[in-house]
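Enquirer: One structure follows; several queries about it will come next.
What follows is calculated from the coordinates using simple rules that are stated; it is not laboratory data. Everything quoted here is computed from the prediction, not taken from an experiment. Quick reminder, even Gly has a Cβ in these numbers, built from the backbone with ideal geometry, and neighbours come from all protein chains shown.
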């Protein structure tokens, strides 16, 4: 049966509390160390992908033994990150939603690359998001309902040079026909006024980041 939602666990900032996001019918992909994280917490990935250069051969054997399938690539002669390999596999299955967990961490280059990967979801008409212990990130080119997920702030950041026609409803600081340009901080640290809010835009691509402090 085709899964409507795919969760990708990759090797960034992973916390056991993120496992609470898993639902019964989710298709689960482990990317490199993310696959080991799943197995160490009793979760069997439907698929594990990557070059697995961040785990030992013994750990890789454990991953291979319990994964539904495993896709291994050469750690040197490859053009894609392990996370993008997993993302490509997820897109091929044409789900309604892809969620990336562990996509942030100390490597800012990987974090930004993973955020940019959300664009692939928009291009394929698939809802995509990223989740860690302190942030929930989505991308929209049209409209988005923002639900209260227990985060304090909601920030809006353009992923294109500018985003036009921004309308916010259900926020403490509403915007009407507003424009945000890269480098401006107008959209930082807004808050929901209730359980959910609506973001609508006319042009561009807008990152919606729900966050909280440590």
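Enquirer: Give me 214, 5 ranked fewest to most by other Cβ atoms within 10 Å of their Cβ, as a rough exposure proxy.
Expert: So the residues, fewest neighbours to most, are 214, 5.
Enquirer: Also, quick follow-up: Give me the compactness ratio for region 84-143, meaning the Cα radius of gyration over 2.2 N^0.38 Å.
Expert: 1.06
Enquirer: What does the highest-first list of 35-46, 186-197 look like by mean Cβ count within 10 Å?
Expert: 35-46, 186-197
Enquirer: Using alpha carbons only, how many angstrom separate the centre of region 179-214 from the centre of region 14-77?
Expert: Each part reduced to its Cα centre gives a spacing of 33 Å.
Enquirer: If you don't mind, there's one more thing I want to ask. Please compute the contact order of the chain in relative form: average sequence separation of alpha-carbon pairs under 8 Å and at least six residues apart, divided by the residue count, as a percent.
Expert: Taking the mean separation of contacting Cα pairs over the length of the chain, I get 18 percent.
Enquirer: Per DSSP helix of 4 or more residues, -39500 (n - 2.57); summed, then divided by the residues of the chain. What does that give at 222 nm, rounded to the nearest 500?
Expert: Here the helix-only value at 222 nm equals -6500 deg cm²/dmol.
Enquirer: Right, here's the next one. Calculate how steeply helix 108-123 sits against the longest principal axis of the alpha-carbon atoms of the chain, using the helix alpha-carbon long axis, and give the answer as 0 to 90 degrees to the nearest 10.
Expert: 70
Enquirer: By the gyration tensor of its Cα atoms, with a ≥ b ≥ c the square roots of the eigenvalues, what is the shape of region 140-211: rounded for a/c under 1.5, prolate for a/b over b/c, or oblate?
Expert: prolate
Enquirer: How many percent of DSSP beta bridges within region 1-140 run antiparallel, rounded to 5?
Expert: 15
Enquirer: To two decimal places, what compactness ratio does region 1-142 give when its Cα radius of gyration is scaled by 2.2 N^0.38 Å?
Expert: Compared with the compact-globule rule of thumb, region 1-142 sits at 0.96.
Enquirer: Testing the spin-label approximation: label points 7 Å from Cα along Cα→Cβ at residue 193 and residue 169. State their distance in nm.
Expert: Going by the 7 Å Cα→Cβ label model, 1.2 nm.
Enquirer: With label points built 7 Å along Cα→Cβ from the Cα atoms of residue 213 and residue 177, find their separation and express it in nm.
Expert: Reported label-point gap for residue 213 and residue 177 is 3.7 nm.
Enquirer: Specify whether the C-alpha gyration tensor of region 6-51 places it in the rounded, prolate or oblate class, a ≥ b ≥ c being the square roots of the eigenvalues: rounded for a/c under 1.5, otherwise prolate if a/b is larger than b/c and oblate if not.
Expert: Note, shape of region 6-51 comes out oblate.
Enquirer: Now for a separate question. Rounded, prolate or oblate: pick one for region 92-214, where a ≥ b ≥ c are the square roots of the eigenvalues of its C-alpha gyration tensor, a/c under 1.5 means rounded, and failing that, prolate if a/b is larger than b/c, else oblate.
Expert: Rounded, since a/c falls under 1.5.
Enquirer: Of the listed peptides 80-93, 198-211, 15-28, what is their order by residue-averaged count of other C-beta atoms within 10 Å, with the highest listed first?
Expert: Ranked by mean Cβ neighbours within 10 Å, highest first: 80-93, 198-211, 15-28.
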